[in-house]
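Peer 1: Next up is a structure, given as structure tokens.
The values are calculated or read from the model by the stated rules, or taken from the named source; none is laboratory data. A quick note: this is a predicted structure, and the numbers were derived from the prediction, not measured. Virtual Cβ from ideal backbone geometry, glycine too; neighbours counted across all protein chains shown.
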Amino acid sequence: MDGYSDGGKMPLNFTNAIVYDIETFPNCFTLSMELLNSDVRSVWEISEFRDDRKQLLAFFRELATTQTPMIGFNNINFDYPVIHFLWNNPSATYQQLYAKAFDIINAESKFGHIIWASDRFTPQIDLFKMHHFDNKAKSTSLKALQINMRAPFVQDMPIKDGAVLTKEQIETLLIPYNMHDVQETKRFAKYAHHAIEFRQGLEGQFGVDVYNWNDTKIGEQTIIQRLGDEVCYDMSTGCRKMRQTPRTSVALKEVIFPYVKLEKPEFKHIYDYMCAQTLKSDELNAASEDSIATIKSKGVFTDLTTTVGGVEYHYGTGGIHGSVEKKRIQASADWWIVDVDVSSLYPSIAIVNKLHPEHLGARFADIYGDLKKERKKWQKEKGKKCTEANAIKLALNGAYGKSNSVFSVFYDPKFTMSITVNGQLMLSMLLERLLDVPTLQVIQANTDGITYYIHKDNYQQSVDVCNRWQELTGLQLEEARYDRMYIRDVNNYIAVGTDGKFKLKGAYWTPSAGNYFEDIASAQPPAWHKDFSNVVSVRAAVANMISGIDIETFIKTTYNSYDFCCSAKARGGAQLYWGDTPVQKNTRYYISKEGEYLSKHMAPAGPVGAYKRRNGVSEAEYNRIMAETGGEWDERVCTKNKSKYEERVTGLAAGYKVAVVNDIETFKWDNINYDWYIQEAQKLVI
């Protein structure tokens with residue numbers, strides 16, 4: 001690997017890149033590391049029992065001299081600020097290191113302790129940030145990753161936070177745990193090597209450290225670089241302030257394109273309804289420089305549906321969705337399954353109609369259009385995997401998403417809604433016209449495409465409809481043919497192409513990315529934040545539908561123990577219990593003949609034993625009235641049924657015993673409850 005540090009000043013030494021992790025306790029600090037490309041490893045300890053700081057600081061100086069990257073998991077937010085404190089304070093005691101770690105964990109702002117790239121003594125690569133696990137929707141811990149990566153041993157910290165450790169505890173519990181986390185981080189770094197190499201190729205383009213940018217930020221910065229800082233930022237006040245267009249409202253009739261017309265009564269109703277809506281911001285008076293209004297749109301689209309041709313279509317800010325349910329559709333020589341998708345729907349709508357965030361002007365629209373042309377050029381010349389093409393793809397997709405973020409220079413809710421509202425109305429136009437084609441039956445419509453079933457004699461008529469629609473909208477459709485579809489609903493289905501390739505969505509997806517015979521350990525999952533539980537039942541259902549393989553036979557002849565494993569998480573103050581025994585917050589288990597019941601215990605939403613607050617009553621009002629009554633039930637603020645707050649307990653695999661296998665060596669084949677796995681597979685079969 002080659003690469004460049006901040007500003008391109010010095011090549012990064014990936015040959016000797018290290019993976020590391022730290023642990024801090026009141027009387028002990030440890031740093032464990034292993035080379036990325038070999039099994040060489042080391043552990044340094046600063047505690048009341050020993051002091052390795054001299055050797056550790058010498059190691060830091062070597063890393064700084066050679067600009068060797070340090071790879072970690074959430075190291076930008078936690079590990080590095082602690083070791084940077086030691087770097088700047090070589091005599092720091094283990095108490096001071098613990099105090100620094102404590103301050104970081106309890107800081108009000110997650111940015112308060114971050115050391116920026118230009119100030120670090122050696123480059124940091126944070127796999128947590130790179131994969132956008134700091135996004136709430138993708139939040140994933142290293143322990144959850146260990147389960148998804150099929151680690152033989154999954155372990156939460158075996159020592160209570162804040163404990164004062166004995167010498168034996170450090171040697172037999174803390175250091176082995178610390179090194180285990182390093183080895184699992186290293187394993188994930190190996191899975192992430194394509195993402196790392198992609199960012200290496202971008203450093204020359206941006207001239208700064210981009211290793212810790214997630215894909216969305218790479219896309220955003222690609223366009224900002226093309227636009228120029230003078231367009232994106234206001235420098236008149238002496239500071240770099242993002243230009244944005246906050247709005248207190250967006251009237252949808254002002255954003256719907258003139259050529260968008262719907263005629264069928266069912267679709268015309270949707271069009272008329274949208275034209276009459278005005279999306280309001282959360283605070284209509286949010287007009288000060290320090291306050292940005294966020295357009296509230298969910299309420300406007302609640303329960304906005306129409307039924308045409310037996311299919312119910314749902315409309316929302318994210319697009320149109322509708323499908324037949326629980327059906328198997330089989331193509332034949334005379335009847336075809338055709339899928340048409342709009343190529344890059346949201347970017348294309350903006351480009352074709354020259355849309356742009358108001359504050360960025362027409363220059364944005366020009367650059368956005370040029371990016372799409374440039375991506376095609378790179379794909380043709382260098383192949384789809386080239387760095388330039390992938391960066392531009394991220395830019396095209398990211399601009400739309402960022403346009404509704406108050407933290408982006410693209411922020412303009414009207415731009416966002418112009419794209420999403422017109423997108424679903426234009427797709428409705430295509431639906432409306434296709435439904436007039438004889439024999440055509442819609443199977444599904446999902447944001448950017450339509451799948452339909454049609455007699456071959458009428459196929460050309462449907463193509464003509466699509467061509468006229470493309471001419472009107474300026475958008476391009478890409479066609480695919482399916483041999484079969486097994487569709488539970490719009491988000492969960494199997495599509496088997498005429499080329500034999502599978503498309504698995506939702507409940508039918510497994511980490512093997514389409515081939516249910518493939519070993520997950522060698523596959524590259526497309527989304528590490530997903531739940532990879534009970535792979536065997538999903539694969540058995542897919543095998544049954546596609547190849548006619550008997551479910552029971554498939555499951556009972558599967559000999560990979562990980563395929564039977566499920567996972568449970570307990571966030572925050574919740575606790576998992578296996579029977580009466582508390583277990584790890586990230587626990588792996590399988591359904592068993594002999595074992596205990598697994599449950600999640602969560603703290604009540606209010607004081608245990610107190611009467612529950614009625615919906616619509618503020619907490620302040622509830623507390624005031626309850627103080628007046630001395631805690632007695634009052635109809636003004638309490639629920640009518642006089643229910644009380646209690647600890648919330650949820651059963652996992654309810655009604656079935658499980659065996660915990662955080663150590664996969666404890667998995668017992670003769671203890672599997674095959675009936676449960678067979679039943680789960682049968683539920684998926686269409």
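Peer 1: Out of region 37-71, which residues are of a type in the set (D, E, K, R) and buried (at least 17 other Cβ atoms within 10 Å of the Cβ)?
Peer 2: Passing the criteria: 45, 52, 53.
Peer 1: Answer yes if at least one residue in region 551-574 is over 34 Å from the mean Cα position of the chain (by Cα) and either of a type in the set (Val, Ile, Thr) or in a loop (DSSP other than H, G, I, E, B) (or both), and no otherwise.
Peer 2: yes
Peer 1: Let me ask another. Any idea how many residues of region 216-232 are of a type outside the set (A, V, I, L, M, F, W, C) and over 29 Å from the mean Cα position of the chain (by Cα)?
Peer 2: Of the residues in region 216-232, 3 are of a type outside the set (A, V, I, L, M, F, W, C) and over 29 Å from the mean Cα position of the chain (by Cα).
Peer 1: Restricting attention to region 434-460, and to residues there that are closer than 18 Å to residue 312 by Cβ and of a type in the set (Phe, Trp, Tyr), which single residue is surrounded by the fewest Cβ atoms within 10 Å (Cβ to Cβ)?
Peer 2: 453
Peer 1: Given the options 284, 262, 252, name the one that is modelled with pLDDT of 90 or more, in contact with a strand residue (DSSP E or B) (Cβ under 8 Å, 6 or more places away or on another chain) and farther than 30 Å from residue 529 by Cβ.
Peer 2: Step by step, each of 284, 262, 252 is checked, and only 252 is modelled with pLDDT of 90 or more, in contact with a strand residue (DSSP E or B) (Cβ under 8 Å, 6 or more places away or on another chain) and farther than 30 Å from residue 529 by Cβ.
Peer 1: Still on this model: Determine which member of the set 97, 86 is more than 12 Å from residue 124 (Cα to Cα), buried (at least 20 other Cβ atoms within 10 Å of the Cβ) and free of Cβ contacts under 8 Å to residues at least 60 places away in the same chain.
Peer 2: Of the residues listed, the single one that is more than 12 Å from residue 124 (Cα to Cα), buried (at least 20 other Cβ atoms within 10 Å of the Cβ) and free of Cβ contacts under 8 Å to residues at least 60 places away in the same chain is 86.
Peer 1: OK, next. Among all residue pairs at least 6 apart or on different chains, which show Cβ distances below 9 Å where the first residue, located in region 44-73, is over 26 Å from residue 184 (Cβ atoms) and the second is polar (S, T, N, Q) and surrounded by 15 or more Cβ atoms within 10 Å (Cβ to Cβ)?
Peer 2: That search, which allows pairs on different chains as well, returns 48/27; 49/27; 64/122; 65/122.
Peer 1: For region 638-686, which residues satisfy the criterion of being among the small types (Gly, Ala, Ser), at pLDDT 95 or above and under 27 Å from the mean Cα position of the chain (by Cα)?
Peer 2: If the condition is that a residue be among the small types (Gly, Ala, Ser), at pLDDT 95 or above and under 27 Å from the mean Cα position of the chain (by Cα), then 681 is the only one that fits.
Peer 1: Need a quick list: helices (runs of 4 or more DSSP H) entirely within region 160-240 having at least 3 residues that are out of contact with any strand residue (DSSP E or B) (no Cβ under 8 Å at 6 or more places or on another chain) and surrounded by 20 or more Cβ atoms within 10 Å (Cβ to Cβ).
Peer 2: 215-227
Peer 1: Given the structure, is residue 103 touching a residue at least 40 places away in the same chain (Cβ under 8 Å), of a type outside the set (S, T, N, Q) and within 26 Å of residue 162 (Cβ to Cβ)?
Peer 2: No.
Peer 1: Scan region 301-324 for residues that are polar (S, T, N, Q), free of Cβ contacts under 8 Å to residues at least 40 places away in the same chain and under 15 Å from residue 447 (Cα atoms) and jot them down.
Peer 2: 305
Peer 1: Given the conditions (1) touching an Asp or Glu at 6+ places or on another chain (Cβ under 7 Å); (2) part of a loop (DSSP other than H, G, I, E, B); (3) among the β-branched types (Val, Ile, Thr), which single one is not true for residue 625?
Peer 2: (2)
Peer 1: Taking region 455-481 on its own, how many of its residues are under 36 Å from the mean Cα position of the chain (by Cα), assigned to a strand (DSSP E or B) and not small (Gly, Ala, Ser)?
Peer 2: Final tally of qualifying residues: 4.
Peer 1: Is it true that residue 450 is within 30 Å of residue 564 (Cα to Cα), more than 20 Å from the chain's Cα centre (by Cα), of a type in the set (A, V, I, L, M) and at pLDDT 95 or above?
Peer 2: no
Peer 1: Does region 540-553 contain any residue that is modelled with pLDDT under 90 and within 18 Å of residue 591 (Cα to Cα)?
Peer 2: no
Peer 1: Quick one: would you say residue 634 is acidic (Asp, Glu), assigned to a helix (DSSP H, G or I) and more than 30 Å from the chain's Cα centre (by Cα)?
Peer 2: Taking the combined requirement at face value, the residue does not satisfy it.
Peer 1: Restricting attention to region 597-648, which residues are over 30 Å from residue 584 (Cα atoms) and β-branched (Val, Ile, Thr)?
Peer 2: Across region 597-648, the qualifying residues are 617, 625, 629, 637, 639.
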